[in-house]
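Taking it in order: structure first as structure tokens, then the write-up.
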Amino acid sequence: MSPQQAERRRKRAEQRRTLQLRAAAVVVALLAVWALWAGLSGSQLFEIRQIDVVGATQLSAEQIVTRAGVEQGATLLRVDTDHIEENLMADPWIAAVDVSRRPPSTLRIDVEERTPAAVVDTGSTFWFVEAGGRVLAESVASSATAVPVIRDVTDFVAEPGMVSTSETLRNALRVLSGLSDDLRVTVRTVSAPKVDETAVLTASGVEIMMGEAVNMSQKSVLITDILASQGANVVFIDVRNIERPISRGLGD
């Protein structure tokens, strides 16, 4: 073997030893990191001692925490935030949720709740529904409810979390959302036995036949003009045919 070949062999051997040493160092470092993580993740230093709930109004903080299902003694480093979010998203009230860690011992839950557009009166129970027809939760009878009450819907099925297939209910909700803001806030109840018989009743006792939720901008203008011109005398308005609106007063 020539001196040149021997030198090349020596260099290759040194390179192999260097690579082996580096690989061993990486393994040791990874083991150290794993050991540190294992120690910290189970440490009482990071045990969850407080859960902050932000954004909840329909659900209480206690309900959110219960639905989250955080295990007793869980730590910030080991808690499964995806599982918590999945648990919370199963609630019909919750539209979006974000779970984050606030070291050393706080878990924060930010929720975005769905907004009820009305309460459906089935005759025996009351149900919050979203504008798109999603059934949110059972409500309680109250004459002071902040949203209109929809009555006389014969094909409504109360299934929390599901979007109602009742066309009469969906039409009633479209009527509400299509009214001008000024008119919508005056509506207390909606009667929806059929699409073409959908009517709203205002806080001042005016019954307004709306029918199908079409031409809502024009209907809102017509109603506003009639109310302005006839004042407190008007008790009935029919704008199902926007070409021939009908109104009646107390003496008619």
Being small (Gly, Ala, Ser) and on the phi < 0 side of the Ramachandran plot is the filter; apply it to the range 118-133 and report the residue that is surrounded by the fewest Cβ atoms within 10 Å (Cβ to Cβ).
-> Ser124
Scan the range 96-133 residue by residue and report those that are more than 14 Å from the chain's Cα centre (by Cα), in a strand (DSSP E or B) and farther than 30 Å from Leu76 by Cα.
-> Ala118, Val119, Val120, Asp121, Phe126, Trp127
Here the residues within the range 237-252 that are at pLDDT 90 or above and either buried (at least 16 other Cβ atoms within 10 Å of the Cβ) or part of a loop (DSSP other than H, G, I, E, B) (or both) are Ile237, Asp238, Val239, Arg240, Asn241, Ile242, Glu243, Arg244, Pro245, Ser247
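Between Leu176, Leu169, which is in contact with a Lys or Arg (Cβ under 7 Å, 6 or more places away or on another chain), at pLDDT 95 or above and either of a type outside the set (D, E, K, R) or under 30 Å from Val65 (Cβ atoms) (or both)? Before you say what the answer is, go through the steps one by one.
Numbers: Leu169 fails: in contact with a Lys or Arg (Cβ under 7 Å, 6 or more places away or on another chain).
Sole residue among the options that is in contact with a Lys or Arg (Cβ under 7 Å, 6 or more places away or on another chain), at pLDDT 95 or above and either of a type outside the set (D, E, K, R) or under 30 Å from Val65 (Cβ atoms) (or both): Leu176.
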For Arg108, are the conditions met, namely being charged (D, E, K, R) and more than 22 Å from Ala61 (Cα to Cα)?
-> no
Looking only at the range 218-240, decide whether some residue is on the phi < 0 side of the Ramachandran plot, touching a strand residue (DSSP E or B) at 6+ places or on another chain (Cβ under 6 Å) and basic (Lys, Arg).
-> yes
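The values are calculated or read from the model by the stated rules, or taken from the named source; none is laboratory data. Fair warning: this is a prediction, and the values are worked out from it, not measured in the lab. Don't worry about glycine lacking a Cβ; one is built from the backbone with ideal geometry, like all the others, and counts go over all protein chains shown.
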